[in-house]
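Worksheet: the structure to be examined is printed underneath.
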Amino acid sequence: MVDSLINEWKHVFKLDPDKPLGDDALEALCVSGTDAVVVGGSSGVTFDNTIELLSRIRRFEVPCVLEVTSLDAVVPGFDLYFVPVALNSEDANYIVGHHQRALKRYGGILPWDGLLAEGYVILNPDCTAARISSACAPLDVKDVLAYARFADRLLRLPIVYLEYSGVFGDMSLVDETKKTLTQARLFYGGGIDGYEKAKAAAAAADTIVVGNVIYDSLDRALETVRAAKDSAAGDR
Ligand code: 1GP
């Protein structure tokens, strides 16, 4: 089952195809011990910059996932495809509309075994994803838990993703959300900028997603891998 591939993942890097990244930095990230590299971004993602980044990542063994955010940038050849469903969007396009149009175009040729839906709850109202999807945020804990249950129990989505992109979130909320899930894996992303925050987030979530810091400080980005491993070792 494709779901089982992600069940061991504690840490992933999210690389933005619209941001420059040198070969040495890319190599360091890919051989860092991270569990996977996710390619995705909220804006400026094109077929060309996505395929270019994929071909560079493919020099390494790390699993590589495309988070599909643009119909024009669906590049074949990734190990998995994550399809975001923005649960707290006030624009139905980000819950079902774009997805329905994608299936109209690609429904007959999609590698269904490699597709996983992510139930996003976008909690930083100032992030690009929140603005683009008209996310209803911030939310209180009851709202978040209700979305998490909706995704986990009703829709049976394999991933619930608490997205604080750009800011570090409320780890008690993340922890509480994880406890409500019965089968979905809890991804957390946002503001992880080094060892300490990565360790705290890895203790609260199942999988942590590290993005922006890659482009600010490669050393601090790499420390987050060790933090996730240390957290997992402490869990045992
Ligand atoms: C963004 O959740 C990821 O989609 C990671 O967030 O860029 O803040 O690390 P940061």
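Before moving on, here are some points about what is shown:
- Over region 110-236, volume per residue of the alpha carbon convex hull, in Å³: 128
- Reach of residue 197 by Cα under 22 Å, taken over lysines that are not fewer than 8 positions away in the same chain: 10, 14, 178, 179, 229
- Given charges at Cβ of Lys, Arg, Asp, Glu: region 129-180 dipole, positive-most of 146, 174, 162: 146
- List 99, 11, ordered by accessible area with a 1.4 Å probe, largest first: 99, 11
- Where both bridge residues fall in region 2-231, DSSP classifies roughly 5% of the beta bridges as antiparallel.
- In the elastic network of the chain, a GNM with C-alpha springs shorter than 10 Å, the most mobile of 13, 47, 187 is 47.
- Restricting region 42-133 to trypsin sites (Lys or Arg not before Pro) that sit in a DSSP loop and have at most 15 other Cβ atoms within 10 Å of their own Cβ leaves 58, 59.
- The figure for residue 18 is an accessible area of roughly 80 square angstrom, using a 1.4 Å probe on the protein chains alone.
- Computed accessible area, residue 9, all protein chains, 1.4 angstrom probe, square angstrom: 20
- Area accessible to solvent at residue 196, 1.4 Å probe radius, in Å²: 130
- For residue 135, residues with placed amide H under 5 Å, excluding near neighbours: 90
- Local net charge near residue 162, Cβ-Cβ under 10 Å (Lys/Arg +1, Asp/Glu -1): -1
- Within the shell of other residues whose beta carbon sits under 13 angstrom from the beta carbon of residue 135, the net charge comes to -4, with Lys and Arg scored +1 and Asp and Glu -1.
- q = 0.09, 0.11, 0.16 Å⁻¹: log10 I(q)/I(0) that the Debye formula gives for region 2-231, counting C-alpha atoms only: -0.32, -0.50, -1.14
The values are calculated or read from the model by the stated rules, or taken from the named source; none is laboratory data. Small disclaimer: the values here were computed from a predicted structure and weren't measured. Please note: Cβ atoms are built from the backbone with ideal geometry, for glycine as well, and neighbour counts cover all protein chains shown. For the accessible areas, the whole protein counts, side chains as well, though only heavy atoms, and no ligand, DNA or RNA atoms are used. Shrake-Rupley method; radii C 1.70, N 1.55, O 1.52, S 1.80 Å.
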